[in-house]
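Just so you know, all these numbers are worked out from the coordinates, no wet-lab data involved. Being a predicted model, the structure only gives us computed values, none of them experimental. Reconstructed Cβ throughout: ideal geometry from the backbone, glycine too, with neighbour counts over all protein chains shown.
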DNA sequence: GGATGTGAATGTCTTCACAGCT
DNA sequence: AGCTGTGAAGACATTCACATCC
């Protein structure tokens, strides 16, 4: 079952969201057709994606909603909680720290750091912003599961290096730079500038 | 020169960022090798991407930094300004509206809307939050160039429909749902839940 | 009957490797 | 000599189409 492609993983995450909707409505089975309709893909794609992890559907019937949802949560590793540290208490960091939507899926923001003295000490939703220089000593018993880098571009690589040093293995990067990290560390980038420029390109070429 | 692939566009945006760094430092030429090193790609990829738009480098030398930067800005459509409307004045909408980074690249947030009475009327950086129900009548002289949907999931499709009705052709969607729009409207999605779940998957499968 | 599961075909993107300019 | 530009090869991802099973 090794080596699942990145696009597949991202679709699984989408499927799970739809399944949870169906779950809430008490629907018991769902076809690949229905799952595809609400996502941005095709029935064949849904079946191929799911078949990579085993046969979960019943021919002639569809997929059992609660079982499939549970299986996807298991595959994606969502049955547990993750401790999340946010580095950078600017606009983005603040929105992330205060946003409640992640918590419901097990991503719990437990730490917020910033380098700026004016920010350090502020409390958001009972979460205190700590000096980033203290970060090194804050995790004697193991690093955060996930770190979110929301610093200015010029500080991001530095912060990433420190996180790697702490033993962080997963980074969500909002800074508009490519982070160089060892092979065993996973980085996902969220880069709004790229998205806007891709829109700009699309507007121009029609 | 038709039909450039999406991944290529996104890399062009990255290249441009690096070129602007080099520009700032007064560097006159840059090799595909150097451009690749700072991005997350290879020299061959850089050359292939750039060659899709013509021959801009000099063999044995590299690419002329200012010219290439100008050409990329032109290709991406960044020589002009875009009027941006943000729909949804929650955490994300607020961060977006207040974030100054976009303005420097020509994306100017000029309107912010929300459906919640408590939010309507607030002013952020001199920008007043307006009632989303008034949106329809706010653009007699043409729609915003780009709309950013930062509403809760259950309102997003509704808002998208209205935006399409206004004539908006480019949408950046932060709501965790797939937006159905006509073919001539471009949507880019930013979905932090997917990114986090992809990280979760990576953490679990090592 | 109806929908899955899957090899085979197709399409898309990346990498290779080298001829060709400067 | 050095580095680009590009056809060809290879890897990867999606779609098709149909046998298979409930």
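Things to note:
- Over chain B, Cα pairs under 8 Å with separation of 6+ residues give a relative contact order of 13 percent.
- Shielding of A:91-101 by partner chains, average beta-carbon count, 10 Å: 5
- Percent antiparallel among DSSP beta bridges (both partners in chain A, rounded to 5): 20
- The stretch B:6-75: C-alpha gyration tensor shape, a/c 1.5 cut-off, then a/b vs b/c: rounded
- Nearest 10 degrees, 0 to 90: helix A:192-204 Cα axis against chain A principal axis: 60
- Within the stretch A:82-194, percent of DSSP bridges classed antiparallel, to nearest 5: 10
- Peptide ranges A:29-36, B:180-187 listed from the most packed, as the mean C-beta count within 10 angstrom indicates: A:29-36, B:180-187
- Number of partner chain Cβ atoms within 10 Å, mean per residue of B:183-194: 5
- Across the stretch B:124-206, C-alpha contacts under 8 Å between residues 6 or more apart give a mean separation that, scaled by the residue count, equals a relative contact order of 24 percent.
- Beta bridges per DSSP with both ends in the protein assembly as shown, % antiparallel, nearest 5: 20
- Helix A:6-25 and the longest principal axis of the C-alpha atoms of chain A enclose an angle of approximately 70°.
- A straight line joining the Cα centroids of the stretch A:117-177 and the stretch A:1-77 runs 34 Å.
- Ellipticity estimate at 222 nm from DSSP helix runs (n ≥ 4, -39,500 (n - 2.57)) divided over chain B, nearest 500: -12500 deg cm²/dmol
- Shielding of peptide A:6-16 by partners, expressed as the average count of other chain Cβ atoms within 10 Å per residue Cβ, is 4.
- Using alpha-carbon coordinates, inclination of helix A:65-76 to the longest axis of chain A, degrees: 40
- With the highest mean first, a sort of the peptides A:154-166, A:90-102 on other beta-carbon atoms found within 10 angstrom per residue produces A:90-102, A:154-166.
- With the simple model of a label 7 Å out from the Cα in the direction of the Cβ, residue B:161 to residue A:180 spans 5.1 nm.
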